[in-house]
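Quick notes on the structure that follows.
The values are calculated or read from the model by the stated rules, or taken from the named source; none is laboratory data. Given the structure is predicted, the values throughout are model-derived calculations rather than measurements. Please note: Cβ atoms are built from the backbone with ideal geometry, for glycine as well, and neighbour counts cover all protein chains shown.
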Amino acid sequence: MGNYYKKYLITAMTIFSACTRLSAQEKTAPAGNLAGDSIPAVGVSATKPGWIESDNLTGDWGGGRSWLGEHGIILKPRLTQFYQDLAKGDGSHGFEYGGKADLLFNADLGKLGLWKGFSFTVHAEYNFGNGLNGSGGTVVPVNTALYFPGMDSSDAFDLSSFYLQQQFGKSVTLVIGKINMIDFASTKPFMGGAGINAFWNCTFAAPPSGTVPPYLFGALLVLQTKSAKFGLWVYDPLSVVNKSGLKEPFTEGITFRGNVDIPVTIAGLQGHQGFVALYSTQKGTDLEGDLILPPLAPGTSGVKNFRYYFNYSFDQYLFQSPANPQEGVGLFGQIGISDGNPNPLRWSALAGISGKGLIPGRSRDNWGVGYYYDGFSKFYEGSIESIEPIRDEQGLEIFYKFSLTPWLGLGTDLQIIRGATGKENALFAGLSMVINL
C-alpha cells in the first residue's frame with residue numbers, strides 16, 4: 001500500500017475513532033458543551049427507535065451521530081459479505097467468501113464556516129477474501145462490489161471518491177476530484193445499488209461502456225430544470241482505480257460526455273427517458289478499465305485516435321403504491337453503441353423488471369430480474385482469436401433482498417451467463433449480508 005493510501009487510511013481511521021470517543025464521552029457525561037455547541041442528552045426518549053428499528057447497528061452513538069449530522073458531518077460505515085458459488089461452467093466449482101468494508105464521509109462545509117452549498121466527500125473501500133469475477137468464461141464482472149477496487153492478493157484498499165462539490169442555488173451542481181461512478185450509478189431507478197443493494201452484475205449496477213472508468217478524475221456539471229436534467233462531464237479517460245488521479249492527469253487525452261434525463265409521466269406513473277453522447281481523444285487500444293478482457297495479440301493494428309459512445313435508457317413505473325410512491329414495480333432498459341475500434345464493446349443492451357415492497361409486512365424488500373447482451377467488436381474478436389476465442393456475452397440475473405431490519409439485509413442472487421470465453425453456460429448462485437454500521 002503506497003503512501004497515498006496509508007495517509008488517507010489513517011485519516012479515515014482517525015475520523016471513525018473520534019466518533020467512537022465522542023460516543024463514549026456522551027455516555028459518561030451529562031448534556032453539556034463541546035466546541036461551544038450543545039450535545040443532546042444521553043437518555044433515550046420514547047419517540048426514538050429501539051435497537052432493532054434503528055437505521056444503523058451501532059445506533060446514534062449516544063447522540064453523537066445526530067450531533068455530527070446537525071453540524072454537517074455524515075458518516076456511513078458499512079460491512080457487506082458475499083458467499084458466491086460457480087455451480088456450473090468452466091473453472092473450479094465451489095463457494096468463495098469475500099467482503100467489502102466501506103466508509104462514506106460527507107462534510108457540509110457551509111455548516112462548518114465556509115460558504116453555502118460547499119461540501120466534501122470521501123469514500124474509503126476495503127475488499128477482502130476471494131471472488132468469482134472472471135470465472136466461468138465471463139467478461140462482465142458478476143460481483144461489482146468485489147471487482148472495484150479489486151482483490152489484490154485477497155485484499156485491496158482505495159479511496160474511490162475524494163471530491164469537492166459546490167451547489168449553486170437549487171439548479172446547478174459542480175463536482176471536481178476523484179469520483180466513484182459506481183456510487184453515482186447507485187441511485188438509478190430499478191437498477192443501481194452499487195452491486196450491494198440490488199443486482200450484483202456490473203451490467204445492471206453500472207453498465208460498462210468502455211469509455212467511462214469506474215473511478216474517474218475530472219469535473220461533473222449538472223443543471224436541473226423543470227423539464228429535464230442536463231449533465232456535462234469532462235474527465236481523464238484512464239481509470240484511477242488504486243490511483244490518486246493527481247499524477248500527470250490527461251496525458252492520454254480527454255473525454256467529454258453530455259447527457260439529458262427527461263422525467264416522463266404515463267397514466268400518472270413516474271418514469272424517465274435518458275440520452276448520452278460521448279467523445280474521447282484517447283488514443284490506442286488501451287483496454288484497461290471496466291471489463292475483464294484478455295490482452296490483444298502482439299502486433300495488433302487498427303488503432304484510432306478517438307472514441308465515441310451513445311446510449312438511450314429508460315425506466316418506467318408500472319405500479320406505484322398510493323401510500324408510498326417509492327414502493328412499486330417498474331421496467332428499465334438501455335441500449336448503447338460505440339465506435340467498436342478501439343472500444344472493444346461495439347454495442348450492448350439490457351432490460352428488466354424490478355420492484356420494492358408490495359408484499360404485506362415486507363415494505364423494505366426489493367427484487368429484480370434482468371437480461372443483458374453485449375456485442376463485442378469484430379476487430380477485437382479477430383485480434384485475439386489466436387489467443388482465446390471470444391463471442392458475444394449474454395446473461396440473466398435474478399435477485400431478492402430481504403430487509404430483516406433497517407440496518408440488516410440478506411440478499412440472494414442467481415445468474416445464468418453465456419460467457420464471452422466460456423465453453424458452456426455458467427451458473428452463479430450467492431448470498432450476501434449487508435450491515436449498516
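Taken as a whole, the condition of being in a loop (DSSP other than H, G, I, E, B), within 20 Å of PHE314 (Cβ to Cβ) and of a type in the set (S, T, N, Q) applies to THR187. Within 26 Å of the chain's Cα centre (by Cα), closer than 19 Å to SER135 by Cα and of a type outside the set (Ser, Thr, Tyr): does that describe GLY99? Answer is yes for this residue. For LEU79, indicate whether it is within 18 Å of GLY411 (Cβ to Cβ), surrounded by fewer than 18 Cβ atoms within 10 Å (Cβ to Cβ) and not aromatic (Phe, Trp, Tyr). Here the answer is yes, as LEU79 does meet what is asked. Tell me, which residue of the stretch 411-428 that is surrounded by fewer than 16 Cβ atoms within 10 Å (Cβ to Cβ) and touching a residue at least 24 places away in the same chain (Cβ under 8 Å) is farthest from THR58 (Cα to Cα)? Checked the stretch 411-428; the qualifying residue farthest from THR58 (Cα to Cα) is LYS423.
When the residues of the stretch 110-129 are filtered to those that are outside any strand (DSSP E or B) and among the aliphatic types (A, V, I, L, M), the one that is nearest to GLN167 (Cα to Cα) is LEU114.
Conditions (1) modelled with pLDDT of 95 or more; (2) surrounded by fewer than 17 Cβ atoms within 10 Å (Cβ to Cβ); (3) under 25 Å from SER377 (Cβ atoms), marked per residue:
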{"site": "LEU223", "(1), (2), (3)": "yes, yes, no"}
{"site": "ALA228", "(1), (2), (3)": "yes, yes, no"}
{"site": "TRP233", "(1), (2), (3)": "yes, no, yes"}
{"site": "GLY258", "(1), (2), (3)": "yes, yes, yes"}
{"site": "ILE266", "(1), (2), (3)": "no, yes, no"}
{"site": "LEU269", "(1), (2), (3)": "no, yes, no"}
{"site": "THR285", "(1), (2), (3)": "no, no, yes"}
{"site": "LEU291", "(1), (2), (3)": "no, no, yes"}
{"site": "GLY299", "(1), (2), (3)": "no, yes, yes"}
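Residues in the stretch 145-193 that are crowded, with 23+ Cβ neighbours inside 10 Å and either in contact with a Pro (Cβ under 8 Å, 6 or more places away or on another chain) or closer than 22 Å to LEU410 by Cβ (or both): ALA145, LEU146, TYR147, PHE148, ASP158, SER160, ASN180, ILE182, PHE190, MET191, GLY193. I need the full set of residues from the stretch 387-410 which are touching a residue at least 60 places away in the same chain (Cβ under 8 Å), of a type in the set (S, T, N, Q) and in contact with a Gly (Cβ under 9 Å, 6 or more places away or on another chain), in order please. Within the stretch 387-410, no residue meets the criteria.
Taking the condition of being among the hydroxyl-bearing types (Ser, Thr, Tyr), outside any loop (DSSP other than H, G, I, E, B) and closer than 21 Å to GLY411 by Cα, how many residues in the stretch 332-371 meet it? Within the stretch 332-371, residues that are among the hydroxyl-bearing types (Ser, Thr, Tyr), outside any loop (DSSP other than H, G, I, E, B) and closer than 21 Å to GLY411 by Cα number 2.
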